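Working notes, structure below.
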Amino acid sequence: MRRLTTLVAVTVLVAACGDGGGATTTTAAAVTTTAGPAGTTTTGPGATSSTGAGGEEMGEGVHLADSSLGQILVDAEGMTLYVFTVDNGGESQCYDSCAQNWPAVPGDTTAAGLDASAFEFGTTERTDGTTQLTVNGQPLYYFARDSAPGDVNGQGLNDVWYVVGADGEMVTGEPQAESQSTLPDDYGY
């Protein structure tokens, strides 16, 4: 087993949006990567991720994983994360029945091993006083009909819900045909 220690000197400045605006600075500290026959594990303050022997990404916090749409942002359990194009100014517009179908990713969710030049994470305050994780100024959501890691059933829904790719941009690829044909037109907002 070999051990690699890397000092990460990346500081990401994330501007909080909204009336109570402010700035959050996140600095990553020492990160340790251990490689062995069972895979690799990367640990450090606020970031832990693991890759199994087959190379599949597992982790604590938001990370990239392979999907039918390419590499996309997922949570620690591999559940797909989405952005909502109706959101503006970094503030969520998804409440009530929308939030039941598209739950907000909690603001205390961590990110692991992502390229700081493509991903700027922050939070936005919701009307109920909780915080929601944002990426590049866009609030992040789960989709209630994604039941297993790697599901992308919300992709392209109503032309307003999209996954985030490895480059930090919305993936506007074709939506899942089944999702589009089995959900009512107003499902989601």
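Each residue in segment 116-139 was checked for being closer than 22 Å to residue 68 by Cα and in contact with an Asp or Glu (Cβ under 9 Å, 6 or more places away or on another chain), and 2 pass. Taking the criterion of being assigned to a loop (DSSP other than H, G, I, E, B) and free of Cβ contacts under 8 Å to residues at least 40 places away in the same chain, the only residue of segment 60-92 that qualifies is 76.
Checked against (1) assigned to a loop (DSSP other than H, G, I, E, B); (2) in contact with a Pro (Cβ under 8 Å, 6 or more places away or on another chain), residue 114 passes all but a single condition, namely (2). Scanning segment 128-178 for residues that are hydroxyl-bearing (Ser, Thr, Tyr) and either in contact with a strand residue (DSSP E or B) (Cβ under 9 Å, 6 or more places away or on another chain) or not in a loop (DSSP other than H, G, I, E, B) (or both), which turns out farthest from residue 83 (Cα to Cα)? Selected residue: 130.
FYI, it's all coordinate maths here, none of it is from the lab. The structure displayed is predicted, hence computed values, not measured ones. Because the Cβ atoms are built from the backbone with ideal geometry, glycine has one as well, and the counts that use them run over all protein chains shown.
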